[in-house]
1. Residue by residue through region 33-50, note down the ones that are acidic (Asp, Glu) and without any contact (Cβ under 8 Å) to a residue 24 or more places away in the chain.
2. How many residues are in contact (Cβ under 8 Å) with a residue 60 or more places away in the chain and more than 16 Å from the chain's Cα centre (by Cα) when one looks only at region 189-213?
3. Please go through region 89-98 and give me each residue that is crowded, with 19+ Cβ neighbours inside 10 Å and part of a loop (DSSP other than H, G, I, E, B), ordered by number.
4. What is the number of the single condition among (1) modelled with pLDDT of 90 or more; (2) surrounded by fewer than 16 Cβ atoms within 10 Å (Cβ to Cβ) that Asn145 does not meet?
5. Restricting to region 45-59, count the residues that are at pLDDT below 85 and either assigned to a strand (DSSP E or B) or not β-branched (Val, Ile, Thr) (or both).
6. Looking at region 159-166, can you tell me whether even one residue there is over 21 Å from Lys99 (Cα atoms) and at pLDDT 95 or above?
7. Mind checking whether some residue in region 63-86 is free of Cβ contacts under 8 Å to residues at least 60 places away in the same chain and on the phi > 0 side of the Ramachandran plot?
8. Taking Glu39 as meeting all but one of (1) over 22 Å from Phe205 (Cα atoms); (2) modelled with pLDDT of 85 or more; (3) not small (Gly, Ala, Ser), write down the number of the exception.
Amino acid sequence: MYSNSMEMRPILFVLIVLLAASCKKDELTKGEDNLFFVEFFKNGDTTRFEDGVDNYGDGPGIRTYEDSIGRLYTEFTKYITNPLDSTHGRNTLKIQMVKFLTDTLFPTYEVSFSLFDKGVYDYGSYTLDSTTGGINGVVIEYVDNDSLLWTTDRRIGVQENWANFEITSHNAVDEELFGAKTKGTFSCRVFDGLGSHIDLQNGRFHARTIYQQ
């Protein structure tokens, strides 16, 4: 019996290793949800920026300024090339959630997190001040291959009736450099401020959003 037991141990060890490897593979499969990307149709072609491909990355940021009434505050996620890449500063896309706050205190983590809550949003503005209204919502900014800036926030032109923006998922995560994963869809018209526009349609994104605090 002792001999049989000793012979069985290597077999059991192999089975345990195979089982562990199998579990690890399952975890990696589930981990595909960690892919961060944005894609959309532009002039009939699909444009896709994907984290880990072609040196593109995505990450959160904060912009804010105060006027005499309160604070215009935005959390954003930006898909951008590696600073060492020759195309840095071109072919980028930024999604900003903008909100006007009547106090002048820096927003809490909860307020920041709520900017990306699930729901349907109008297109807002970061260039307007609080006296003009129409601020709350989303701003999409696109920089093309010629380094030209196009944005929903340049007001020569209006959004079409097909324009939309929806956040479909927004969940907190325990990560060192960001605090939430956010998914959504969008279609919009972006303007250069000189009378021209580009339509970005059937867009979808999976982004890192919100800094940890």
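1. If the condition is that a residue be acidic (Asp, Glu) and without any contact (Cβ under 8 Å) to a residue 24 or more places away in the chain, then Asp45, Glu50 are the ones that fit.
2. Selection size over region 189-213: 4.
3. Scanning region 89-98 gives a single hit, Asn91.
4. Against the list (1) modelled with pLDDT of 90 or more; (2) surrounded by fewer than 16 Cβ atoms within 10 Å (Cβ to Cβ), Asn145 comes up short only on (1).
5. Let us first name the residues in region 45-59 that are at pLDDT below 85, namely 50-57.
Those still in the list that are either assigned to a strand (DSSP E or B) or not β-branched (Val, Ile, Thr) (or both) too: 50-52, 54-57.
The number of residues fulfilling the criteria is 7.
6. Of region 159-166, the ones over 21 Å from Lys99 (Cα atoms) are 160-162.
Narrowing the set further to residues that are at pLDDT 95 or above leaves 162.
Yes: region 159-166 contains one or more residues that are over 21 Å from Lys99 (Cα atoms) and at pLDDT 95 or above.
7. No; the residues of region 63-86 include none that is free of Cβ contacts under 8 Å to residues at least 60 places away in the same chain and on the phi > 0 side of the Ramachandran plot.
8. (1)
The values are calculated or read from the model by the stated rules, or taken from the named source; none is laboratory data. Since this is a predicted model, take the numbers as computed values, not measurements. Glycine gets a Cβ as well: all are built from the backbone with ideal geometry, and neighbour counts include every protein chain shown.
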